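Data block below; observations after.
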Amino acid sequence: MVSRVIPVDVFDLVIFGGTGDLARRKILPGLYRRFMAGQMPADSRIIGAARADLTDDAFRDQVRAAIAEFAPKARQDAAVIDAFVARIHYVAIDATGTSGWAKLTGMMRDNVVRAFYFSVAPSLFGDIASRLHDHAIADPWSRIVVEKPFGRDLASARALNEVLARHFTEAQIYRIDHYLGKETVQNLMAVRFANILFEPLWKAEYIDHVQITVAETVGVNGRGAYYDTSGAMRDMVQNHMMQLLCLIAMEPPYHFDPDAVRDEKLKVIRALKPVPPENIVRGQYAAGGNESGYLDHSENPASRTESYIALKVHVSNWRWQGVPFYLRTGKRLRARASEIAITFKQPPHAIFDDAKGWHENVLVIRLQPNEGMNLMVMIKEPGPGGMRLMQVPLDMSFADAIDDGEDVPDAYERLIMDVIRGNQTLFMRGDEVEAAWAWTDPIIEGWETRGDRPQTYDPGSSGPEDALMLMHRDGRRWREIKE
Ligand code: NAP
């Protein structure tokens, strides 16, 4: 199946932090793939901006190297790469100073979409926003894209929103949560709202519980100093996992339109109950084998930052009364696997004398690796000898449904094109981010006030023992973490 290419307007995309890690790994290779797919109209330009003094050609060489390293090998075509880098320019600019801004002003063109990607530390957002305004580089139709982390608590998120709001309207601000750009995550909405099959069952009456897992095998490695100021709650739960929870729990929006979707997500965040300490397990990975432990990467040998967290969360509204959402995420776990699993209740009456005793349907949405969905259904075990049941997957792997696995678009590709199109549906609105912090803050403050320490867990394990108990004491179990 060949995916349909929807044309976009001619654009100038300025990437502040164009030489940085995110630009190299995600933004530039993603743009290359969109270019290859025919989605970058002739005359569109990409302008890298950072302090380093580079010529256009030197920056183009960096872009070539980024494509060689991070674009799929099967999609590397010398002629296409040449044509792509010909669209690329560079301006040396200091976000906090004066150099480079006049040059960037001179490069702007009328009648094209102007987009500015802030792929820099959030402390620079205000400086860049004000200079884009003061030099009249941004026009009323310009868009700005900002990266996570969007604040580290409610107060700092509000301050960032205020800084951006001085020069840009909410309709111009695109706060990226790349989880929302994942095909499977969008498919979750398609499955829920484009099929009659699921929505009637999508409520407390039929759903037993929901599990959301984001498991990583990597540790904090070189990011130790940054991570130590963040931790799993801020780094993963407050943003990505909260967004996933919202898409599962939200009411059907009246239309697939930015405000309609975001209004419904906001209602979910506001309906989240405070989480008591007994429903939270925090962990920190120990050293193991030749591998260093969390504390080896921290500047603080007594750090209490969690590299793992599991929570039992309730959405306090009519639809989800009594349905627990179990969330867990961690580093240095046994496998890299992210999934959402929606476990339905057992049928009301068992007519088969089946020794196994469980007849549950589970809808599994895999985010990585192998994006796709599985619906676990019960069938009869083949062969004679009575009515024994077995659980089998109705498999919907994207890799099988399209040409080849490499064609699943990366989240960043999709989201950048949405910026150019002016579609904010898959971006977080300022009030959503603030509501998410308003729920997160008291949880973190509670740890700090009580001086809670995370439990140690073995690298390569499923996390701390107590996380298993979080489910066991409810008569449930976590799904196995496996690729
Ligand atoms: P990075 O590798 O440290 O890159 C920072 C970029 O900003 C460089 O291009 C740097 O170039 C430029 N820069 C720094 N100070 C500047 C200034 N005063 N004026 C102009 N340019 C300046 O950071 P990153 O990892 O790409 O992260 C960028 C943003 O994305 C951060 O907000 C980060 O939290 C977020 N993010 C990153 C990732 C990731 O995987 N890397 C994932 C999610 C979110 P010069 O030093 O030459 O100026």
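So how many Å³ per residue does the convex hull of the Cα atoms of region 155-308 work out to?
Spread over its residues, the Cα hull of region 155-308 gives 178 Å³ apiece.
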Three-way shape label, region 139-189, alpha-carbon gyration tensor, a/c 1.5: oblate
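Taking trypsin sites (Lys or Arg not before Pro) that fall in a DSSP loop and have at most 12 other Cβ atoms within 10 Å as cut points, what is the longest piece of the chain between them?
Here the longest segment lacking exposed loop sites spans 167-355.
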Neighbours of Met40 by Cβ distance under 9 Å: Lys/Arg at +1, Asp/Glu at -1, summed charge +2
State which helices in the chain qualify, where a helix is a whole DSSP H run, it must extend 18 Å or more along its own axis by its Cα atoms, and its mean Kyte-Doolittle hydropathy must be at least -1.0. 56-70, 258-271, 430-450
What number comes out for the charge environment of Trp202, summing +1 per Lys or Arg and -1 per Asp or Glu over other residues with Cβ under 15 Å away? -1
So if I restrict to the alpha-carbon atoms in region 359-477, what is the Rg, and what is Dmax, the biggest pairwise distance, in Å? 21.7, 63
For region 125-233: rounded, prolate or oblate by the Cα gyration tensor [a/c cutoff 1.5]: oblate
Hey, what D do you get for region 59-187 in µm²/s if you plug the Kirkwood alpha-carbon radius into Stokes-Einstein at 20 °C and 1.002 mPa s? 127 µm²/s
If one computes P(r) from the Cα atoms of region 1-111, what percent of pairs lie at distances over 26 Å? 18 percent
Per the helix-only model, the chain has a calculated mean residue ellipticity at 222 nm (DSSP H runs of ≥4, -39500 (n - 2.57) each, divided over all residues, rounded to the nearest 500) of -9000 deg cm²/dmol
Quote the convex hull volume per residue of region 191-233, based on C-alpha atoms, as a whole number of Å³. 138 Å³
Mind scanning Lys148/Lys267; Lys26/Lys312; Lys203/Lys265; Lys267/Lys482; Lys26/Lys331 and naming the pairs with a C-alpha gap bigger than 26 Å? Lys26/Lys312; Lys267/Lys482
Dimensionless Rg/Rh of region 81-128, both radii on Cα and Rh by Kirkwood, sits at 1.01
How much FRET efficiency would the formula 1/(1 + (r/R0)^6) give for Leu394 and Thr96, where r is the Cβ-Cβ distance and R0 is 41 Å, rounded to 0.05? 0.15
Could you give the nm distance between label points at Asp127 and Ala335, where each point is 7 Å from its Cα heading toward the beta carbon? 4.5 nm
Environment charge of Glu432, counting only residues whose C-beta is closer than 12 Å and scoring Lys/Arg +1, Asp/Glu -1: -1
Hydrodynamic radius by Kirkwood, which averages 1/r over all alpha carbon pairs of region 408-483, in angstrom: 16.9 Å
What lysines could a cross-link reach from Lys380, if we take a straight Cα to Cα line under 22 Å and drop same-chain neighbours fewer than 8 places away? Lys345, Lys356
So between Glu251 and Asn370, what do we pick up on full extension, going 0.36 nm a residue minus the alpha carbon distance? 40.1 nm
Send over the per residue convex hull volume for the chain, Cα only, as a whole number of Å³. 171 Å³
If you average over every viewing direction, what projected area does the convex hull of the Cα atoms of region 43-107 give, in nm²? 5.0 nm²
How big, in percent, is the set of alpha carbon pairs in region 262-393 lying more than 19 Å apart? 70 percent
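Only the coordinates and a few stated rules stand behind these numbers; no lab work does. Note that the structure is predicted; figures quoted are calculated from it, not measured. Cβ coordinates were reconstructed from backbone atoms using ideal geometry, including for glycine residues, and neighbour counts include every protein chain displayed.
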